[in-house]
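Chemist: Dropping a structure here in structure tokens format, bear with me for questions.
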Amino acid sequence: MTTMFRAACAVLATVLLVGMTACEDAPAAEPIVIGTASPGGPYLAYGQGLARILSRDLGQEVTALATQGPAQNIVLLEKKVVTLGFVTTGVALQGWNGNDWAKGTRYRSMRVMFPMYDTAFQFVAAKRLGLHWLDDFSGLRVGAGPRAGTGGTYVPEILNALGIKASIRFGAMESMAAQLEAGDLDGAVFATGFPVPVLTTLIAAHPVDFVRPSPDQIATIRQKLPEISQSLVPARTYPTQERDYATIGLYNFAVAHKDLPDDLIYKIVKAVFDNHEELVMAQSSAKETVPANISRDTVLPVHPGAERYYREIGVPIPVDQTH
């Protein structure tokens, strides 16, 4: 018995040693790094929630990296400093084509994985003016938000595309709300996710009207700025908003480097939608992170691994995949 026991132990020890050696030789999975944005914004909170989900479901290290936002995420993705990144369609299309901030360099390694949420252009005016349509902004003082922000970048282009000559003022969202209340601005454009806290506070103290782009104006804007899509702010998003507000927007997407394996991207996309409620708890805007919203991507190619997921569940891919 003793001899047999010792022999069995020797065999077991050999098996364990071989197994441990094999484990040591097997390469560890590369950490996944998600490029987000600065602290205090929705991108970082969303990324931190996503990192927790993926770390658990993929069984490997996933971290959310604070960055300067979409443009830097695209550059870092191109250089493979980050694995995944968050972008808006506007900034991403500029990077793809080498326009604006890209300064002639075409960043074409990004591939869409899944939709995140909408950035809506919310045009408002002091109620005393009785404005209803964007044409009514002509000749008035309109706040566009920070000069380098989404509103500051796009509001001048939007109004120019429509031939509306307004006096555009730039500044922080809080400043725009204060100037509207004081009568130093006639209108303002809040280009961000909704509800906008400063707009909610403003409406409670100083009534405003939501100024609408007409269907023809939306078509004109989208023809000249194809990255912009139709957007809708549902009724009661704000206390005095009695009906849906049809406007324009820029959608946010999670992108990956084109060289990442299809199977990995498939697993990431599946994990996102399988854990939707958990992601919403991390960042409320993620309620819009549903498969159907991949239709909001009309300009960027989808990663083949993600495309496989959408086709399996019967969701059509809206863009040409021959890039």
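The values are calculated or read from the model by the stated rules, or taken from the named source; none is laboratory data. Bear in mind the structure is a predicted one, so any value in this text is a computation, not a measurement. Note that we place each Cβ from the backbone using ideal geometry, even for glycine, and neighbour counts take in every protein chain shown.
Chemist: With respect to the numbered conditions (1) touching a Leu at 6+ places or on another chain (Cβ under 8 Å); (2) within 28 Å of Asp244 (Cβ to Cβ); (3) not in a helix (DSSP H, G or I), which one is the sole condition not fulfilled by Pro115?
Modeler: Result: Pro115 passes all but (1).
Chemist: For segment 151-188, what are the residues that are out of contact with any strand residue (DSSP E or B) (no Cβ under 9 Å at 6 or more places or on another chain) and in a helix (DSSP H, G or I)?
Modeler: Glu157, Asn160, Ala161, Glu174, Ala178, Ala182, listed by residue number.
Chemist: Next up: If you go through segment 101-112, how many residues are touching an Asp or Glu at 6+ places or on another chain (Cβ under 6 Å) and in a strand (DSSP E or B)?
Modeler: 1
Chemist: Oh, and also: Condition first: in a loop (DSSP other than H, G, I, E, B) and hydroxyl-bearing (Ser, Thr, Tyr). Now tell me which residues in segment 44-100 satisfy that.
Modeler: Listed by number, the residues that qualify are Thr67, Thr83.
Chemist: May I pose another question? Within segment 95-108, is even one residue in the same structural domain as Asp184 (by TED's automatic domain parsing) and free of Cβ contacts under 8 Å to residues at least 40 places away in the same chain?
Modeler: no
Chemist: So which residues in segment 236-254 are among the β-branched types (Val, Ile, Thr) and touching a helix residue (DSSP H, G or I) at 6+ places or on another chain (Cβ under 7 Å), if there are any at all?
Modeler: Matches in segment 236-254: Thr240, Ile248.
Chemist: Taking segment 298-313 as the search range and keeping residues that are assigned to a helix (DSSP H, G or I) and not basic (Lys, Arg), which one is surrounded by the most Cβ atoms within 10 Å (Cβ to Cβ)?
Modeler: Checking each candidate, the answer is Ala306.
Chemist: Please enumerate the residues belonging to segment 129-152 that are in contact with a Lys or Arg (Cβ under 8 Å, 6 or more places away or on another chain) and surrounded by fewer than 20 Cβ atoms within 10 Å (Cβ to Cβ).
Modeler: His132, Trp133, Ser138, Gly139, Arg141
Chemist: Considering only segment 172-194, state which residues are surrounded by 18 or more Cβ atoms within 10 Å (Cβ to Cβ) and free of Cβ contacts under 8 Å to residues at least 60 places away in the same chain.
Modeler: Met173, Ser175, Met176, Ala177, Leu180, Leu185
Chemist: Okay, next question. Name the residues in segment 275-294 that are part of a helix (DSSP H, G or I), of a type in the set (A, V, I, L, M) and touching a helix residue (DSSP H, G or I) at 6+ places or on another chain (Cβ under 9 Å), would you?
Modeler: Scanning segment 275-294 gives Leu279, Val280, Met281, Ala282, Ala286, Ile294.
Chemist: List, please: which pairs have Cβ atoms under 9 Å, are six or more places apart or on different chains, and start with a residue in segment 262-285 that is of a type in the set (Asp, Glu) and end with one that is outside any helix (DSSP H, G or I)?
Modeler: Listed by first residue and then by second, the contacts come to Asp262/His303.
Chemist: Of the conditions (1) modelled with pLDDT of 95 or more; (2) crowded, with 19+ Cβ neighbours inside 10 Å, Lys267 fails just one. Which one is it?
Modeler: Every condition holds for Lys267 apart from (2).
Chemist: Something else: Within segment 291-301, can one find any residue that is out of contact with any Ser or Thr (no Cβ under 9 Å at 6 or more places or on another chain), among the basic types (Lys, Arg), at pLDDT below 95 and within 21 Å of Tyr46 (Cα to Cα)?
Modeler: no
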